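Here's the structure we're looking at; comments come further down.
The values are calculated or read from the model by the stated rules, or taken from the named source; none is laboratory data. Please read all numbers here as calculations on a predicted model, not as lab measurements. Ideal geometry is used to build each Cβ from the backbone, glycine not excepted, and the neighbour counts take in all protein chains shown.
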Amino acid sequence: MPATIVDESEGTVAFLDHRPLFPGHTLVVPRRHVETLRDLPPELIAPFFAEVQRIAVAVQDGLGAQGTLVVENNVVSQSVPHLHVHVVPRTRKDGLRGFFWPRTTYADDAEVAATAVRIRGALPSV
């Protein structure tokens, strides 16, 4: 599919989303095929997210936005099986309400603690 490229680096390409939430909605992708964030090799993490940061600054400043929403889906709601980060310009009262999914609460403090323990237990070694 044709794309309007806004920036290219040795390791990334950034282009306008063809179905944007707002004009300027940009996707940042690694040139190397990586399906999800968990598949991104450690040596590519810093350069990839440095480019995401550059694009977020450019989207905000270039479009006069008050901020940006930076989002990345893994598998669920990932319509294309290639790592891509969405950078969406935001302004107050733009009609986008927080996250795109319903918020919830924990049943009690025990559920909060148990959830944190499960996540900590699954952390990969550094």
Tell me, please, whether a residue that is without any contact (Cβ under 8 Å) to a residue 60 or more places away in the chain, at positive phi and in a loop (DSSP other than H, G, I, E, B) can be found in segment 66-84. yes
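Just a yes or no: is a residue in segment 43-51 part of a loop (DSSP other than H, G, I, E, B) and not β-branched (V, I, T)?
No, segment 43-51 has no match at all.
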Got a number for residues in segment 13-42 being of a type outside the set (A, V, I, L, M), in contact (Cβ under 8 Å) with a residue 60 or more places away in the chain and either over 26 Å from G67 (Cβ atoms) or part of a loop (DSSP other than H, G, I, E, B) (or both)? 6
Only one of V85, V59 is surrounded by 11 or more Cβ atoms within 10 Å (Cβ to Cβ), among the β-branched types (V, I, T) and under 30 Å from P124 (Cβ atoms); which? V85
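I'd like the full set of residues that are surrounded by 10 or more Cβ atoms within 10 Å (Cβ to Cβ), over 30 Å from A58 (Cβ atoms) and either touching a strand residue (DSSP E or B) at 6+ places or on another chain (Cβ under 9 Å) or at pLDDT 85 or above (or both), limited to segment 90-113.
Answer for segment 90-113, where residues must be surrounded by 10 or more Cβ atoms within 10 Å (Cβ to Cβ), over 30 Å from A58 (Cβ atoms) and either touching a strand residue (DSSP E or B) at 6+ places or on another chain (Cβ under 9 Å) or at pLDDT 85 or above (or both): just E111.
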Scan of segment 1-36 for residues that are crowded, with 17+ Cβ neighbours inside 10 Å and under 20 Å from N74 (Cβ atoms), ordered by number: T12, V13, A14, D17, L21, H25, T26, L27, V28, V29, P30, V34
